[in-house]
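Participant: Have a look at this one before I ask anything.
The values are calculated or read from the model by the stated rules, or taken from the named source; none is laboratory data. Small disclaimer: the values here were computed from a predicted structure and weren't measured. Note: ideal-geometry Cβ built from the backbone for every residue, glycine included; neighbour counts use all protein chains shown. Keep in mind that these areas ignore ligands, DNA and RNA; they rest on the heavy atoms of the full protein, side chains included. Shrake-Rupley method; radii C 1.70, N 1.55, O 1.52, S 1.80 Å.
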Amino acid sequence: MPREGDTINANTSTKKYVIYEVSVRQDSAENDPHPTTIERRYTHFLNLYESLKKAHPDLMQNVTFPKKVLIGNFSTDVIAERSAAFEAFLDYIITKNLLK
């Protein structure tokens, strides 16, 4: 579930950003009793994408990644599109075992 965050700069102005929550659980016959939730920003996903693209260019050539936007990144449409894209991206890299 995305939410807004704030960073305080040295000059005391705030810079807003979106935090995406990723829930991680172990697949098993029973529900995972200890699922974990981590928070990531767009930049974290972008860094992972770029690293995997360098390490596995053949497997990553058909993976699409949402573009960075300077204006409108807080709109519900952009957040929803990115959320869906990040979920598909994470599902893909898990399916291909790219995080060994």
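Participant: Among (1) within 13 Å of the chain's Cα centre (by Cα); (2) touching a residue at least 40 places away in the same chain (Cβ under 8 Å), where does Tyr92 come up short?
Facilitator: Tyr92 satisfies every listed condition except (2).
Participant: Something else about it: Out of all the residues in the stretch 48-65, is one or more more than 18 Å from Leu99 (Cα to Cα), surrounded by 10 or more Cβ atoms within 10 Å (Cβ to Cβ) and basic (Lys, Arg)?
Facilitator: Within the stretch 48-65 (the criterion being more than 18 Å from Leu99 (Cα to Cα), surrounded by 10 or more Cβ atoms within 10 Å (Cβ to Cβ) and basic (Lys, Arg)), the answer is no, since none of the residues qualifies.
Participant: Confirm whether Ile79 is in contact with a Pro (Cβ under 8 Å, 6 or more places away or on another chain) and hydrophobic (A, V, I, L, M, F, W, C).
Facilitator: It is true that Ile79 is in contact with a Pro (Cβ under 8 Å, 6 or more places away or on another chain) and hydrophobic (A, V, I, L, M, F, W, C).
Participant: For the stretch 70-89, which positions are open to solvent by less than 50 Å² (accessible area, probe 1.4 Å) and either of a type outside the set (A, V, I, L, M) or modelled with pLDDT under 95 (or both)?
Facilitator: Gly72, Asn73, Ser75, Val78, Ile79, Arg82, Ser83, Phe86, Phe89
Participant: Looking only at residues in the stretch 12-28 that are under 17 Å from Asp91 (Cα atoms) and in contact (Cβ under 8 Å) with a residue 40 or more places away in the chain, which one is surrounded by the most Cβ atoms within 10 Å (Cβ to Cβ)?
Facilitator: Only one residue fits best here, namely Tyr20.
Participant: For residues that are of a type in the set (A, V, I, L, M) and under 18 Å from the mean Cα position of the chain (by Cα), scanning just the stretch 29-47, find the one that is most open to solvent (accessible area, probe 1.4 Å).
Facilitator: Ranking the qualifying residues of the stretch 29-47, first place goes to Ile38.
Participant: Looking only at the stretch 90-100, how many residues end up being open to solvent by less than 90 Å² (accessible area, probe 1.4 Å) and in a helix (DSSP H, G or I)?
Facilitator: Number of matching residues: 4.
Participant: Looking at the stretch 48-58 only, could you name the residues that are within 14 Å of the chain's Cα centre (by Cα) and not hydroxyl-bearing (Ser, Thr, Tyr)?
Facilitator: Matches in the stretch 48-58: Leu48, Glu50, Leu52.
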